[in-house]
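Every read-out reported here was derived from the displayed coordinates using simple, explicitly stated rules and does not represent laboratory data. Just so it is clear, the model here is predicted, and its values are computed rather than measured. Using ideal geometry, Cβ is built from the backbone for each residue, glycine included, and neighbour counts are taken over all protein chains shown.
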Amino acid sequence: MFLSIQVNLFLLKFERRDIILIVGLLLLMIGLIPFMTPVYAAIIVIGVYFLIKFYVGRKSQLIKQDVGEGICMECGSKIIDKKCSNCDIL
Ligand SMILES: [Zn+2]
């Protein structure tokens with residue numbers, strides 16, 4: 001129960017961070033438009049977005065390796081043998 005709340009908070013935080021990232025990149029694009037055509041500004045911003053996504057993805061992958069096999073997205077229990085120790089008990 002406690003773990004599942006933690007996972008939900010983590011997902012919420014991640015989404016909010018994503019929105020902040022997109023807003024920041026939009027502002028960057030607006031800032032770049034006076035210096036170049038909007039198409040180039042958009043390409044640069046999309047490039048930066050994917051770089052950040054790639055970096056964040058790699059980082060969360062490293063965190064996942066640290067945790068072990070990970071935690072269940074349904075309940076937050078530990079994953080053992082690719083099965084949730086809580087949901088997948090038959
Ligand atoms: Zn589960």
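The HN-Hα couplings worked out from phi for region 19-30 by the Karplus form 6.51 cos²θ - 1.76 cosθ + 1.60 (θ = phi - 60°) are 5, 4, 4, 5, 4, x, 5, 4, 4, 4, 4, 4 Hz, whole numbers, x standing for Gly and Pro.
A full extension of the chain between residue 20 and residue 58 corresponds to an added length of 11.7 nm, given 0.36 nm per residue minus the alpha carbon distance.
Close amide H pairs (under 5 Å, H built 1.01 Å from N) link residue 77 with 72, residues at least 5 positions away or on another chain.
Protection proxy ranking for 72-79, 52-59, 37-44, using the average of other Cβ atoms within 10 Å per residue and placing the highest first: 72-79, 37-44, 52-59.
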